[in-house]
Amino acid sequence: MRLLSTKATCDTHGQGSSYFIGWEAYEKNPYDEVHNPKGIIQMGLAENQLSFDLLESWLEKNPDVSGFKRDGKSMFRELALFQDYHGLPSFKKALADFMSDIRGNKVTFDPNHMVLTAGSTSANETLMFCLAEEGDAFLLPTPYYPGFDRDLKWRTGVEIVPIQCTSSNNFQITEPALQQAYQDACKRNLRVKGVLVTNPSNPLGTTMSRSEMNLLVDFIKSQNDMHLISDEIYSGTVFSSPGFVSVMEVLKERNDLKDGDEIWNRVHVIYSLSKDLGLPGFRVGVIYSENDTVVAAATKMSSFGLVSSQTQYLLSAMLEDKKFTKNYIVENQKRLKRRQRMLVSGLKKAGISCLESNAGLFCWVDMRHLLHSNTFDAEIELWKNIVYKVGLNISPGSSCHCSEPGWFRLCFANMSEETLNLAMKRLKGFVVESTSTTQSHRSALFNASSKRNSLTKWVFRLSSRDHHRDQEER
Amino acid sequence: MCAPEATNLSMHKQLPFCTLKKQSLNMEILSKIATNDKHGENSPYFDGWKAYERNPFHLTKNPQGVIQMGLAENQLCFDLIEEWIRNNPKASICTPEGVHQFRDIANFQDYHGLQDFRNGMANFMSKVRGGRVRFDPDRILMSGGATGANELIMFCLADPGDAFMVPTPYYPAFVRDLCWRTGVQLIPVHCDSSNNFKITLPALEEAYQKAKEEKINVKGLIITNPSNPLGTTLDKDTLKSLVSFTNQKNIHLVCDEIYAATVFNTPSYVSVSEVIQEMENCRKELIHVICSLSKDMGFPGFRVGIVYSFNDTVVNCGRKMSSFGLVSSQTQHMLASMLLDENFVTKFLEESSRRLAERHDKFVKGLEEVNITRFPSNAGLFCWMNLKGLLEEQSFESELKLWRVIIHEVKINVSPGSSFNCSEPGWFRVCFANMDDETVDVALKRIRAFVGKEGTKKPLGFKRWRPNLRLSFSSSKFDHETVLSPHSPIPTSPLVRAT
C-alpha cells in the first residue's frame, strides 16, 4: 500500500519544470547593487514593486488603521475573532468598488457575489473544485501561466487542454484553434467544462480583444454546460490602449443575450490584489460569479483559505479612500508604462523585439533569431546561457506551454531602473557576442546539446531540492 | 455620444428565472462537490445558531436573548495581547515605527513563510509543551487556519476513497475539513462513558478490521488532544499505545493539538511529539501534528494553521500545498515579534491558563449547585455536560428534544452530543470562554432556574480582572459599526465558528 497520497508523490504541482531552475540559480547568486553586482538579476518575477511609496504614504496619513483603531476605539478583539467566511462587509464593498473603478465603471460588482480567498492561487483552485472534477478538462490558450498546472489540476484532478496560439496573429485565440482543442480533449476522453483565459494575459502582457471574447462567449453559449472563467488579476496594470475590456462588459453588450440569460451562471471572474496593488504577501483573492450556487459553495470552501481579518481591515480602509485609489490606479499605470518603455527600448538596442503589449508586469520577448535551431532544446540552451552567463533569470516560453520555441517572458516591475538598465546592457553584450560567434561554435553548441539525453522533453525534472518563491512567478 | 451606462450586475439576480430549472441546471454544470452537502452545513444542528443569530443576548440591550455557548472561542486574554501591541508598534507594518518594513513584507509570498514567524511558532509550540520538545522551524508548514491544515494533511496522506479512523465524540466539522474536497471517508472508533471515553485498543482494532472487511483502505488515525469536545488530555501510556498501534499497522497518526495551550489543570499536557522522543524504533515518518493559534491565543480571525510533520516528503509536498492557504505576511510579521518575545509568551501562557481555570471552576461550581455533572476535564474552552438525568428516555430523539428546549426556553445555545457523533445520548458541550463573567452568571442563573432551583444565591467573590467588560461582539452589532464581529447581521454559517 502506498504510504502517502498520489498527490503527494506525483509532480502535477509542476515544480519539476525547468522554470524553477532559474529560480534556484537566482537564489544561489542574487544580484545586489552593492554586495553582489555580478549576481543574477531576477526578471522571472511578475511583481509590482513600483508604487509602494504611494501605499506607505497613505499609511503615514492614516495612523488609526495601523493601531487597529476606528474612531479611537480598539478593534483588535473584533478582528482577532472575526472568521466569518462571508468576509468583512466593508472590505468586500470597497473591493467591489475598486474593481469597478479599474473597469472605468462600465461594470459594477455586487459584494454579495464575491468570495474572498487566500490569493488568486486559492481562488482558481476553489473555482475549479466548484465547476469540475476528475475526468473533466478546461481549455486554456497558450502560452499560459505555469502555476495553472498546480492551481487548476493538482488537487482537483481536472485536466488542462491547450488552445494553441501562435505568433502569426500575435497569439490571439482563433476559432479553428478553439475547435481543435475541443477535439483534442474529446480524443482524450475528457469532458470539456469550459475555457479559462487570463485577461490581461500572462505572459503576453496584452488585453484580450472584444472579438476574441465574443468568440469564447459564442463557444460556451453553444454548449449549455460550459463555463468561461476570466482571470483578470492584471486588470489594473493596463497602461495604454486599447483599454481593458472585462468579459462582464462584453456579455452585457451582446444583443443576442437577454438580461437574465442563463449564460450569466456560467461566466466567472477571478481577481486579486497581488499585481494591481503589489501586495502578494497579503493573500487577497476574489471569485466573482452571478451563479448563486457557485458563490455559496465557494464561500464554504473559502474556509480553507480565508483572508486574515487584520489584512481585510487594513485594506478596507485603504480602498474606501476613493481619492487615494483613483490616484493610485492612474499613477501606477503611468509608472508601469514608463518602465515597459524602458525595457522595450533596451531590448531594441540589443536587436531584440517583443510582442506589442499594453498591460502586465512583463514583456513577451522574441528571441527566435538567437536560437541555433528552431527547437525547444535550443530554447532551453539559450535560456541556460542567459541565466548562467548573462546573469538574468527570465522565463522560457516552453514553461508557459508556448507552441513555438524562442519566446521568453521578461519582467520589468520588480526592480529599480538602474537594475533594469544593467540587465539590458548585459543582454546587449550577450547578443553582440552571440552574433559574432563563428559557425563552428554554434555547431559545437548544437552537438553538445543533442548529446544530452535529458533534453528529449522540454521539461526538466529537478532534484528533490526545494525551491524558494516559486509561487511568485506570475 | 453617451458612455455606456454602468451595469449593475446584481440586476440579473432579480430578473425572472425559474428557480427549479436553475437548480437542476446547476446540478449538471457544477461539480458534485459543489452541489452535495458534504460540507455539513445543512445539518439540523444549526437551529441553535439560527436561534442565536435571530436573538443574540446582550447584558443590557437584550438581556432575554439567546446566550451563545456553542462557540469554542478563547476571549479571556485579549487585554494582554492589546497591551503587547501597544508596547510594540514595530510589530505592525503600518505604524510609523514599522512602516519601513511595509514593502518587503507586503511583497513576501514565499510559501516557506517568514523565518522569524516559523522560529516564533517553533518557540511557542515548544513552550506550550513545557519546553520538553523542540520543534524544527523548517518543518513548520502554514495553512488557512486549522481548517486548512487538517484538509492539507489529508490531501498529502490519503487518496479519494481512503479512510481515516477517528475516535468519537469528535469535532463536527471534521466531516467538512477531512472529507469534503479530499474524498476521504471517516471511520468512527467508538468510545463511551463506561470507561471515560478512553480510546481502547480493542475499539481501534474493531474499527480497523471492520474497514478491512469492507475493503476500505485505512490510511491513518486522527486524534484531537486535548479533546474537543471532552476537554481532556491523553496520558502518556495511551499516546504510546496509539503510536504503537498505528506504527504496527503501517498507518499514519495525525494529532490535532490545537487546544494544547488551553490546559488549565493537571495532569499536565503530553504531546505526541514528546512521546515519540521516548520510543525507540518508532516510525516518526508516520507522525504529524496540527497546531493553530485560534484557540491557544484566541486569534481565529488571523487564520494561523500549522502542519508539523516528521515525514520529509509530506513536508515537501505540504509546503507546496500551503500556497492555497498561506498566512498573510502582515499577520506573520506581527506574530513573529509576539511569539519571539519569550517573556511575553511565558507570561501569557501562565495567565491564560490561570484565567481558564478560574472560568472553568466558576462554571462547573454553578452546574454542581444544580446537580449537573460534567465529564472531568483539565483543558479546552468548554465542558462536556451530562444531562442524561433530564432526558425523557435514553435516546437521541430525546436528546434533540431536550436540546431544543434548552435553546428556545432556557435560551442558551449549546451543542448536543449527537452532533459530535457521540455514541450515547445525553451529553452536551457548553463553551465558557467566549463571554464575560456577568454573562456566565446569567447563563448559570438560567440553568439553575431550568433545573428547578431558584437562582437567588450570590456568586462567590471572584476577582474581576475586567470589571467593565461587555460582550464585544454584541456591542458592535448594536452600535452599527461597519467593522462587524462574527455576529454580523448577514446570516453566517455556524460552521464558520462551530469549533
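The values are calculated or read from the model by the stated rules, or taken from the named source; none is laboratory data. Remember, it's a predicted structure, so these values are computed and weren't measured experimentally. When we count neighbours, we look across all protein chains shown, and the Cβ atoms used for this are built from the backbone with ideal geometry, even at glycine. Ligands, DNA and RNA are excluded from the accessible area calculation, which covers all protein heavy atoms including side chains. Shrake-Rupley method; radii C 1.70, N 1.55, O 1.52, S 1.80 Å.
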Within segment B:208-249, count every residue that is surrounded by 15 or more Cβ atoms within 10 Å (Cβ to Cβ), within 30 Å of B:T262 (Cα to Cα) and not hydroxyl-bearing (S, T, Y).
-> 18
From the option list A:I229, A:I233, single residue qualifying as of a type in the set (V, I, T), part of a loop (DSSP other than H, G, I, E, B), crowded, with 21+ Cβ neighbours inside 10 Å and in the same structural domain as A:T142 (by TED's automatic domain parsing) is A:I233
Candidate set from segment B:298-329 (those that are out of contact with any strand residue (DSSP E or B) (no Cβ under 8 Å at 6 or more places or on another chain) and open to solvent by 10 Å² or more (accessible area, probe 1.4 Å)); member that is farthest from the other protein chains (Cβ to nearest Cβ) = B:D312
Candidates A:I220, A:I287, A:I263 - the one that is outside any loop (DSSP other than H, G, I, E, B), in contact with a Phe, Trp or Tyr (Cβ under 9 Å, 6 or more places away or on another chain) and in the same structural domain as A:A137 (by TED's automatic domain parsing) | A:I287
A:P111: passes all of (1) more than 23 Å from the chain's Cα centre (by Cα); (2) free of Cβ contacts under 8 Å to residues at least 60 places away in the same chain; (3) surrounded by 23 or more Cβ atoms within 10 Å (Cβ to Cβ) but (3)
Kindly list the number of the only condition in (1) of a type in the set (G, A, S); (2) at the interface with chain A (Cβ under 10 Å from one of its Cβ atoms); (3) surrounded by fewer than 14 Cβ atoms within 10 Å (Cβ to Cβ) that fails for B:G40.
-> (3)
Could you tell me which of the residues B:F164, B:F117, B:F135, B:F174 is buried (at least 24 other Cβ atoms within 10 Å of the Cβ), under 23 Å from the mean Cα position of the chain (by Cα) and closer than 17 Å to B:V254 by Cβ?
-> B:F164
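Going by what's in this entry, would A:A46 be described as part of a helix (DSSP H, G or I) and either farther than 20 Å from B:T331 by Cα or in contact with a Gly (Cβ under 9 Å, 6 or more places away or on another chain) (or both)?
no
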Quickly run through segment B:35-58 and pick out the residues that are under 25 Å from A:T126 (Cβ atoms), in contact with a helix residue (DSSP H, G or I) (Cβ under 6 Å, 6 or more places away or on another chain) and at pLDDT 80 or above.
-> B:T35, B:K38, B:H39, B:G40, B:E41, B:W49
Segment A:57-89, residues that are surrounded by 19 or more Cβ atoms within 10 Å (Cβ to Cβ), assigned to a loop (DSSP other than H, G, I, E, B) and without any contact (Cβ under 8 Å) to a residue 24 or more places away in the chain | A:D84
Residues located in segment A:248-267, provided they are more than 8 Å from chain B (Cβ to nearest Cβ) and in contact with an Asp or Glu (Cβ under 8 Å, 6 or more places away or on another chain) = A:V267
Which helices (runs of 4 or more DSSP H) does segment B:390-499 wholly contain that include 3 or more residues that are at pLDDT 95 or above, more than 26 Å from B:P188 (Cβ to Cβ) and not assigned by TED's automatic domain parsing to the domain that holds B:H190?
-> B:437-451
Can you tell me which residue in segment A:314-362 is surrounded by the fewest Cβ atoms within 10 Å (Cβ to Cβ), limited to those that are under 30 Å from B:V99 (Cα atoms) and without any contact (Cβ under 8 Å) to a residue 60 or more places away in the chain?
-> A:K323
Test set (1) touching a Phe, Trp or Tyr at 6+ places or on another chain (Cβ under 7 Å); (2) at the interface with chain B (Cβ under 10 Å from one of its Cβ atoms); (3) touching a residue at least 60 places away in the same chain (Cβ under 8 Å); (4) more than 25 Å from B:R303 (Cα to Cα) - A:P146 fails condition number = (2)
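Look through segment A:66-118, keep the residues that are within 26 Å of B:D296 (Cα to Cα) and at pLDDT 95 or above, and return whichever of them is farthest from the other protein chains (Cβ to nearest Cβ).
Applying the filter and picking the extreme gives A:L116.
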A:M248 in the same structural domain as A:A123 (by TED's automatic domain parsing) and in contact (Cβ under 8 Å) with a residue 60 or more places away in the chain = yes
Output for Cβ contacts, cut-off 8 Å, separation at least six or different chains, first residue in the same structural domain as A:S395 (by TED's automatic domain parsing) and farther than 20 Å from A:R409 by Cα in segment A:20-35, second loosely packed, with under 11 Cβ neighbours inside 10 Å and at pLDDT 90 or above, reads A:E33/A:E418
Report, by residue number, each residue of segment B:178-219 that is acidic (D, E) and within 25 Å of the chain's Cα centre (by Cα).
-> B:D192
Specify which of the listed residues (A:E78, A:E47, A:E60, A:E56) is within 30 Å of A:W407 (Cα to Cα) and among the acidic types (D, E).
-> A:E47
Cβ pairs under 7 Å, 6+ apart, first in segment B:421-443 and farther than 27 Å from B:F299 by Cβ, second of a type in the set (D, E, K, R) and surrounded by 22 or more Cβ atoms within 10 Å (Cβ to Cβ) = B:P425/B:E399; B:G426/B:E399
Residue hits (segment B:75-94; in a loop (DSSP other than H, G, I, E, B) and open to solvent by 20 Å² or more (accessible area, probe 1.4 Å)) are B:N88, B:S92
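Filter segment B:142-173 for residues that are of a type in the set (F, W, Y) and within 13 Å of chain A (Cβ to nearest Cβ); which is farthest from B:F324 (Cα to Cα)?
B:F164
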Please tell me if B:G389 is buried (at least 21 other Cβ atoms within 10 Å of the Cβ) and of a type outside the set (D, E, K, R).
-> no
